[in-house]
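Please read the structure below before turning to the comments.
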Amino acid sequence: MSRSRLVTLHGVSGAAALGLVACFWSLALWCELGASAATVVVLRQGILYALPLLVLALASAGASG
């Protein structure tokens, strides 16, 4: 793989990982501050289902770095 493709892959996967973490944190904070218990449960299930995406983004960022 060429150097420019690796740099692009690293940037995209790093941005995706950062975006997912920021989304997880901001939604969790919003739910904890003012949402019902049922909403917190749904959010945490959503985070659990999206966790493999975060793992893949972090792994690809590390492998291309």
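The values are calculated or read from the model by the stated rules, or taken from the named source; none is laboratory data. Being a predicted model, the structure only gives us computed values, none of them experimental. Heads up, the Cβs are rebuilt from the backbone with ideal geometry, glycines too, and the neighbour counts pull from every protein chain shown. In case anyone asks, the SASA skips ligands and DNA or RNA and just uses the protein heavy atoms, side chains included. Shrake-Rupley method; radii C 1.70, N 1.55, O 1.52, S 1.80 Å.
Remarks
- Taken over the stretch 45-55, the criterion of being in contact with a helix residue (DSSP H, G or I) (Cβ under 8 Å, 6 or more places away or on another chain) and open to solvent by 70 Å² or more (accessible area, probe 1.4 Å) is satisfied by L53 alone.
- Look at the stretch 50-64: where a residue is more than 9 Å from L20 (Cβ to Cβ) and a partner is open to solvent by 20 Å² or more (accessible area, probe 1.4 Å) and in a helix (DSSP H, G or I), sitting 6+ places away or on another chain with Cβ atoms under 7 Å, you get S60/L9; A61/H10; A61/G14; S64/L6; S64/L9; S64/H10.
- Screening G34 on (1) surrounded by 12 or more Cβ atoms within 10 Å (Cβ to Cβ); (2) modelled with pLDDT under 95; (3) not polar (S, T, N, Q) shows it passes everything except condition (1).
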